[in-house]
Structures are given as structure tokens and as C-alpha cells.
Amino acid sequence: MLNKEIRPEILLSIIIPHYKTYELLIKLLKTIPDKPSIEVIIVDDLSNDSRLKSLEGFFENVKFNLILNDYHSNAGHCRNVGLSLASGKWLFFADSDDFFLDNLYDNISCYFNSDNDVVYYYPASKNEHGEQGARHLIYEKIFNSYVKNPNEINLLSLRFKTHAVWAKLIKRQLILDNEIKFDEIAFANDVMFSTRVGLHMKKFAFAPEKIYCVTRRYGSLTVTLSRESLLIRMYALINQYNFLKNKVTIHKMKQINISGLHIFMKSLRCSICFGIKVYIIFRKNNIPVFRKMTFIEYCDVKYLVKKIIAFKNDAKYEVKK
């Protein structure tokens, strides 16, 4: 059950799921300003790390809450636990192996009294050796497209294709009013959460400053390439497609242009047979894998060059299972 109290003195709740990345978690916490208007909620997914309890004295002014799960679940469950305890006006979901950039508080506090439901931030991304990563590029592309041309197609992409929750500041009242929660799954738990946020948001803003750096780390969930991970991601996409087709017009569904291409291409790297299986499941659920617009989008040469360079830096961290 969601905590419906919004404490006026708490302006920002930062929710952090954690599992066995203590040193990186410390790095993240060091980038959070020690302000009494900030609430930090860490939900540990049974790391069995005795050092975690020492974190309760990490901040002097931040309202700090450490939750230790008594069973291992997933990041979606941990985010929901944190969401149920949050009391701030605004929400930010951070991953324990990422970090905030300089001037975080100055760059977000100017929006605390705004009437926006969502504030979008351009993220940065790096791998664990400090090289340029690729994870921010799709969000940079979507944001730039809307800012330059705020038409209906670009607005729909903004609403329904910016799945990552670390690229946005979300007003908690929007979550409470619409009872939005994360899917409690191991991968892609933010797809439906962000889809519902995008559906219900009325006002939003873009912040020009970068406030958050997402990392790519060997062994993390985002670099895991396995049949299990791809099937979970595939069904999350299918759920999004089925949800949206009941919420928007047929014309808008065509403009949103949901495609299984990315997952299909990754499935082929597991095996040809598995790729065929994924293709068949997508088609049975009326989700196209190949579409003209998909290829047009990938003909953006500048974006493609950035993607190739960053992919080469990121590829070494991928783990096949």
C-alpha cells in the first residue's frame, strides 16, 4: 500500500534498490546533497552485507531509511517497497551502481514548486572505466527530437518510449492519484511504470542540465544477455503494446511504432532457433519486428556513429548466459 502522506518538509525522495554493490552504493551516496529536504530510501535485496547497517549514520541532515529484505526478490519489488515508504513531493529512482553529477540540488530545486508532473533530464552514461557509454543516447535522441519539433509523433515517443526512470523527476502525487507501481520482474520492470506515467502526465518540462550518470558494469542486469532476460523483456514489451492499444487510438498506435526489432536482434545472438521463437511470439501478439519507420530512424547518421562508438566501449561488459 502506498504511503499517501506528503510531508511538506520533504521535497525529494530518492529511492535506491541495492544488491551486492556496496562500494558503488557509497559512491552514489557521496553524490547526494546532505539536505533536510531530501529523503533517501535504500531497499537491499538480501545482500547479506553487514556493512550496510553502518550507512544509517552516513548523512547528518538527510532523512534516511534503510530496508533490508528478508528474501531475495528483484529491483521492481525493491522499488515498490521504496515507493510505499516515500513521503516527499518529488521522486527520483537511482540505481546503486550509478551516481549523480555536480550541482544536483541547484539543478532540481528550481522545479520543486512547479506545476509539472514530470521533469525530464538529459542523462550521461559511462562504463566502469570512464569511457563514453551508449545507454543515454536513445533518450538524448527522443528529447532532442521533441524539443526541436514538438509534434504528435515526438510527443508520443516522449510519453511511451522513455522507459528508464533515472531520466526523469516525477511528482509523487501523479503516482498516488493513478496508483502506479513497478512490475515485480527481474528485467524491464520500469516499462509499464513509465508507460503509465507517460499516459497520465499533463504538464512536463525539460531541464537543460545533466544531473545523473548511468553506468555500464560487467555482470549487471543491463548487460546480461540470456534467454530468460530476453523473454522477460519481450513480454514486458507485449504488455505495453496490449495496454496502449486499449488506451490510445489506432492512429496513435501506428505513430508510437512499437517494434520488437531490438529484442529480436539480441535473441539471434543466443541462437538462430531462439531468434525464430522470439519472432513467432511477437507476430502472434501482432507486434511487428520489421517496420519501415524503424529503419528510417536508424538512418540518422550522426546518431548511428555515436551509437557504434559507444557500443564498442560497452560490448566488453556484456555477459552471456
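The values are calculated or read from the model by the stated rules, or taken from the named source; none is laboratory data. Bear in mind the structure is a predicted one, so any value in this text is a computation, not a measurement. All Cβ positions, glycine included, derive from the backbone under ideal geometry; neighbour counts span all protein chains shown.
Listing for the model above:
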quantity	calculated
Extreme residue, modelled with the highest pLDDT, among residues of the range 218-243 that are in contact with a helix residue (DSSP H, G or I) (Cβ under 8 Å, 6 or more places away or on another chain) and surrounded by fewer than 16 Cβ atoms within 10 Å (Cβ to Cβ)	Arg227
Residue tally, condition under 23 Å from the mean Cα position of the chain (by Cα) and among the hydroxyl-bearing types (Ser, Thr, Tyr), over the range 260-294	2
Qualifying position, being at pLDDT below 95, assigned to a helix (DSSP H, G or I) and closer than 28 Å to Ser125 by Cβ, among Lys266, Lys210	Lys266
Unique match (being outside any loop (DSSP other than H, G, I, E, B) and in contact (Cβ under 8 Å) with a residue 60 or more places away in the chain) among Ser114, Ser157	Ser157
Among (1) in a strand (DSSP E or B); (2) under 25 Å from Ser229 (Cα atoms) - the single one Leu83 does not satisfy	(1)
Number of positions in the range 244-259 that are surrounded by 16 or more Cβ atoms within 10 Å (Cβ to Cβ) and of a type in the set (S, T, N, Q)	3
